[in-house]
Amino acid sequence: MAGAATQVSLESAPRIMRLVAECSRSRARAGELRLPHGTVATPVFMPVGTQATMKGITTEQLDALGCRICLGNTYHLGLRPGPELIQKANGLHGFMNWPHNLLTDSGGFQMVSLVSLSEVTEEGVRFRSPYDGNETLLSPEKSVQIQNALGSDIIMQLDDVVSSTVTGPRVEEAMYRSIRWLDRCIAAHQRPDKQNLFAIIQGGLDADLRATCLEEMTKRDVPGFAIGGLSGGESKAQFWRMVALSTSRLPKDKPRYLMGVGYATDLVVCVALGCDMFDCVFPTRTARFGSALVPTGNLQLRKKVFEKDFSPIDPECTCPTCQNDNTAALHHLTVHNIAYQLQLMSAIRTSIVEKRFPDFVRDFMGTMYGDPTLCPTWATDALASVGITLG
């Protein structure tokens with residue numbers, strides 16, 4: 001497919017990233033995102049609230065855990081309750097009663113998750129609503145218009161998303177279209193002084209396509225970049241190599257957001273590879289199935305062995321669930337799982353600032369797998385590629 005669209009530049013895009021410390025061995029970095037609703041320490045995990053709510057946890061609980069940025073979904077919020085109503089509520093912050101930062105995705109991921117209800121053309125993505133069957137067009141301009149109305153601190157471009165397991169011409173088509181759609185998003189953005197538009201790197205598992213997308217998109221002076229199109233079923237060996245390729249070519253002075261990643265091992269490895277921001281429904285979804293995240297992996301609390309276990313989920317965890325509840329109660333598991341993710345990221349950040357990140361990684365892997373040498377091969381290879389050995 002022919003090349004990218006004519007470049008559209010943002011006038012002096014804000015520099016929202018301040019680097020605080022860098023690991024001398026790996027690409028890990030600690031920083032601060034300076035956003036309209038306060039500073040966010042990085043690396044950061046962002047809990048996902050698809051329709052301005054998170055099942056099993058309130059915004060007050062999220063605030064108390066120290067969360068300073070979470071997600072909303074443009075596609076779903078655009079359908080229900082709709083941007084007009086949310087705008088009347090003083091934007092998504094007022095609608096959610098959330099005083100901190102928000103990131104909204106563009107709606108593009110629904111091309112994969114709702115593939116049977118969508119059709120992609122150069123104009124945009126045409127969806128049949130899963131609620132009433134009505135057809136709607138989500139164009140780059142419409143996606144930005146909705147996000148401008150929502151008032152989120154970080155907004156995402158609409159990208160042409162294909163599953164990471166797709167191969168062939170469709171991947172190249174989607175990559176070049178994502179570049180063209182980025183330019184249309186930049187042109188449509190009405191609030192660049194208050195909302196930070198991030199580009200999304202595409203290209204599937206093809207290193208050449210990823211490299212082309214990186215080269216083109218980094219010519220645009222946007223405030224930040226996301227690595228998209230991964231965590232969709234590809235092998236971990238393919239996954240980490242695409243992440244490493246992306247971070248090696250993204251600007252050092254801008255945030256790098258790895259979309260859809262939330263397993264603890266993945267977070268640690270991808271921080272080592274140079275990523276700053278992460279999101280995933282995993283901690284909240286797994287909580288609904290009775291699974292608690294702990295340093296050794298997870299506990300399946302619905303098993304009979306835990307029926308009369310009155311100890312906390314994790315004695316070392318400081319979250320309200322572990323301080324006030326016992327394993328047998330099974331209450332507030334979502335609170336614990338999000339607290340686990342936030343505490344993990346805080347511990348990673350502290351180790352980078354204190355210049356002991358490689359030791360932190362070895363200790364983490366040793367606890368998670370019983371011995372650092374039992375860490376999965378893909379993670380060992382990924383860490384070795386940036387100078388961290390586990391042996």
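The values are calculated or read from the model by the stated rules, or taken from the named source; none is laboratory data. Bear in mind the structure is a predicted one, so any value in this text is a computation, not a measurement. As a convention, Cβ positions derive from the backbone with ideal geometry for all residues, glycine included, and neighbour counts pool all protein chains shown. Surface accessibility is based on the protein's heavy atoms, side chains included, excluding ligands, DNA and RNA. Shrake-Rupley method; radii C 1.70, N 1.55, O 1.52, S 1.80 Å.
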Residue-normalised accessible area of the chain, expressed per residue, 1.4 Å probe, Å²: 41
Carbon-plus-sulfur fraction of the accessible area of the chain, 1.4 Å probe, in percent? 50
Over 20 Å (Cα to Cα) - which of Lys219/Lys252; Lys194/Lys252; Lys88/Lys142; Lys88/Lys194; Lys142/Lys194 fall in this group: Lys194/Lys252
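Taking trypsin sites (Lys or Arg not before Pro) that fall in a DSSP loop and have at most 16 other Cβ atoms within 10 Å as cut points, what is the longest piece of the chain between them? Write out the running numbers ahead of the final one.
Working: sites that count: Arg15, Arg25, Lys55, Lys194, Lys219, Lys252, Arg302, Lys303, Lys308, Lys355, Arg356.
Longest stretch, sites excluded: 56-193.
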Taking alpha-carbon centroids only, region 183-258 lies from region 57-97 a number of Å equal to 25
Taking the DSSP beta bridges in the chain as the whole, what percent of them are antiparallel, to the nearest 5? 50
Could I have the simple spin-label model distance between Arg126 and Ser248, label points 7 Å from Cα toward Cβ, reported in nm to one decimal? 4.2
Relative contact order (percent, whole number), the chain, Cα cutoff 8 Å, 6+ residue spacing: 19
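Tell me, which longest segment in the chain has none of the GluC sites (Glu not before Pro) that fall in DSSP loops with at most 15 further Cβ atoms within 10 Å?
Counting only loop sites that pass the neighbour cut-off, the longest clear stretch is 124-306.
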Near Lys355, which aspartates and glutamates are there with a Cα under 12 Å away, not counting those fewer than 8 places off in the same chain? Glu22
In nm, spacing of pseudo-spin labels at Asp363 and Thr218 (7 Å Cα→C-beta vector): 3.4
Check the straight Cα-Cα distances from Lys303 and name the aspartates and glutamates below 18 Å, setting aside those fewer than 8 residues away within the same chain. Asp314, Asp325
With R₀ set to 41 angstrom, the calculated FRET efficiency between the beta-carbons of Leu137 and Asn298, to the nearest 0.05, is 0.50
